[in-house]
Amino acid sequence: MKTNLAYLLVDKSRLVRRRFDESVRDHELTGPQARLLLLLGRSPGAHQASYAEALEVEPITLCRMADRLEEGGWLTRIADPDDRRARLLHPTEKSRDITDRLRNTIDAILEDLMSGLNTTERDELYRLLTKVGENTEIAAKAEVAHG
């Protein structure tokens with residue numbers, strides 16, 4: 001049961017991510033680019049490295065992604081006044097316009113995924129997944145603390 005549940009969590013997450021990635025192609029973005037734009041919409045002005053960590057990609061990968069998005073007018077990079085080597089990422093008006101559409105895409109995907117679940121079941125799923133996420137964060141911090 002435990003192995004099966006772990007497999008289900010990982011596999012279904014992969015399928016949801018694939019569905020999202022396919023749906024954002026209509027916006028002429030890759031899935032990772034769309035996730036970065038959504039992240040910029042929530043947390044603008046951070047270092048490239050922090051976005052790389054949040055998206056679980058290597059800093060060089062994030063840098064290349066930011067290059068393409070900057071060339072397309074989706075984001076701007078501003079030198080960090082405290083560290084001239086570092087760049088802070090900011091959304092442009094163009095990316096602000098699309099983030100609402102991306103959020104609508106996510107809402108539509110979630111609605112499809114939740115079809116057949118009543119409000120109580122949806123609330124319970126949310127509560128349980130939140131708890132699993134909290135436990136995962138606690139375990140990760142414990143691993144780091146114990147080296």
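Structure values in brief
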read-out	value
Conditions (1) at pLDDT 95 or above; (2) loosely packed, with under 14 Cβ neighbours inside 10 Å; (3) polar (S, T, N, Q): number failed by residue 104	(1)
Long-range neighbours under 8 Å by Cβ, at least six apart or interchain, first residue within 28 Å of residue 114 (Cα to Cα) within segment 126-147, second assigned to a helix (DSSP H, G or I) and hydrophobic (A, V, I, L, M, F, W, C)	132/9
Qualifying residue in segment 29-47 (condition: without any contact (Cβ under 8 Å) to a residue 40 or more places away in the chain, touching a Pro at 6+ places or on another chain (Cβ under 8 Å), buried (at least 19 other Cβ atoms within 10 Å of the Cβ) and not basic (Lys, Arg))	no
Where a residue in segment 84-96 is closer than 14 Å to residue 46 by Cα and its partner, wherever it lies, is modelled with pLDDT of 95 or more and of a type in the set (Ser, Thr, Tyr), with Cβ under 6 Å and at least six apart	90/76
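The values are calculated or read from the model by the stated rules, or taken from the named source; none is laboratory data. These numbers come from a predicted model, not from an experiment. Note that we place each Cβ from the backbone using ideal geometry, even for glycine, and neighbour counts take in every protein chain shown.
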